[in-house]
Amino acid sequence: MPDPETIIKITKILAIALGIIKTKIPEKIGEKIGEAIGEDLAQFYKLVSKLTIETIKKVKPSNRPKSFVISYPNTECNIELVITTHKADRVLNSLTKEKLQTIADKIELLINLEPEKIQFVYNDDDCWEFNYLLSKNGSVIGTIKSFNKRNQLYNEILEKQNNEEKENS
């Protein structure tokens, strides 16, 4: 059985407000938009707080890790932020503008690789780190850690299939 996963899709306005993506807004327009974005951001934090608390309380089995995925689908590429935790406050702490600034900087560099999808994970040091990139031509660029995790899951699936075949023989 897979671990519980909660997916939250956000809009471009929230992605800008959180600092996931950078944009240039003229100063006069920015002041007016800033107030509206501030309200949206406050509502977003309330939603995420309530959602994470309820998910952690109610998801079974309670001993399994809970993953929260913040997904920002857009025309350039899909961006995913993955937080795996048992603590609701850790999810909120991961979504501060200061922590998300590193993602915006990395995305600016990675966009030159023509990505279809970029995934970041929130590590044990409470920092966002690049996990992998799937390019539009199908190639994958990732960390050794992400490939090792994939290989481990693949081996577990093969082992389970082999055990089932032995039981059925």
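The values are calculated or read from the model by the stated rules, or taken from the named source; none is laboratory data. Predicted model, so just to flag it, every value in this text is computed and none were measured. Neighbour counts run over all protein chains shown; Cβ positions are idealised from the backbone, glycine included. In case anyone asks, the SASA skips ligands and DNA or RNA and just uses the protein heavy atoms, side chains included. Shrake-Rupley method; radii C 1.70, N 1.55, O 1.52, S 1.80 Å.
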| query | Among the residues of the stretch 129-147, is any loosely packed, with under 10 Cβ neighbours inside 10 Å and either part of a helix (DSSP H, G or I) or among the basic types (Lys, Arg) (or both)? | reply | yes
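Select, from ASP105, ASP124, the only residue that is open to solvent by 60 Å² or more (accessible area, probe 1.4 Å), closer than 28 Å to ILE144 by Cα and either small (Gly, Ala, Ser) or not in a helix (DSSP H, G or I) (or both). First the steps, then the outcome.
Values: ASP105 fails: either small (Gly, Ala, Ser) or not in a helix (DSSP H, G or I) (or both).
Just one listed residue meets the conditions, ASP124.
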| field | Identity of the residue in the stretch 56-78, in contact with a Lys or Arg (Cβ under 7 Å, 6 or more places away or on another chain) and assigned to a strand (DSSP E or B), that ends up nearest to THR11 (Cα to Cα) | value | SER71
| remark: Scanning the stretch 52-92 residue by residue, the ones that are more than 13 Å from the chain's Cα centre (by Cα) and either open to solvent by 80 Å² or more (accessible area, probe 1.4 Å) or hydrophobic (A, V, I, L, M, F, W, C) (or both) total 15
| task | Tell me, please, whether a residue that is in contact with a Leu (Cβ under 8 Å, 6 or more places away or on another chain), without any contact (Cβ under 8 Å) to a residue 12 or more places away in the chain and more than 16 Å from LYS9 (Cβ to Cβ) can be found in the stretch 118-134. | result | no
| request: Quick one: which residue in LEU158, LEU153, LEU92, LEU81 is farther than 17 Å from GLU5 by Cα and not in a loop (DSSP other than H, G, I, E, B)? | output: LEU158
| message | Could you check the stretch 93-102 and list, in sequence order, the residues that are among the polar types (S, T, N, Q) and open to solvent by 20 Å² or more (accessible area, probe 1.4 Å)? | response | ASN93, THR96, GLN101, THR102
| field | Exclusive hit being of a type in the set (D, E, K, R), open to solvent by 40 Å² or more (accessible area, probe 1.4 Å) and at pLDDT 80 or above, set LYS28, LYS12, LYS24 | value | LYS12
| request: For the stretch 150-160, state whether one or more residues are surrounded by 13 or more Cβ atoms within 10 Å (Cβ to Cβ) and either of a type in the set (Asp, Glu) or in contact (Cβ under 8 Å) with a residue 24 or more places away in the chain (or both). | output: no
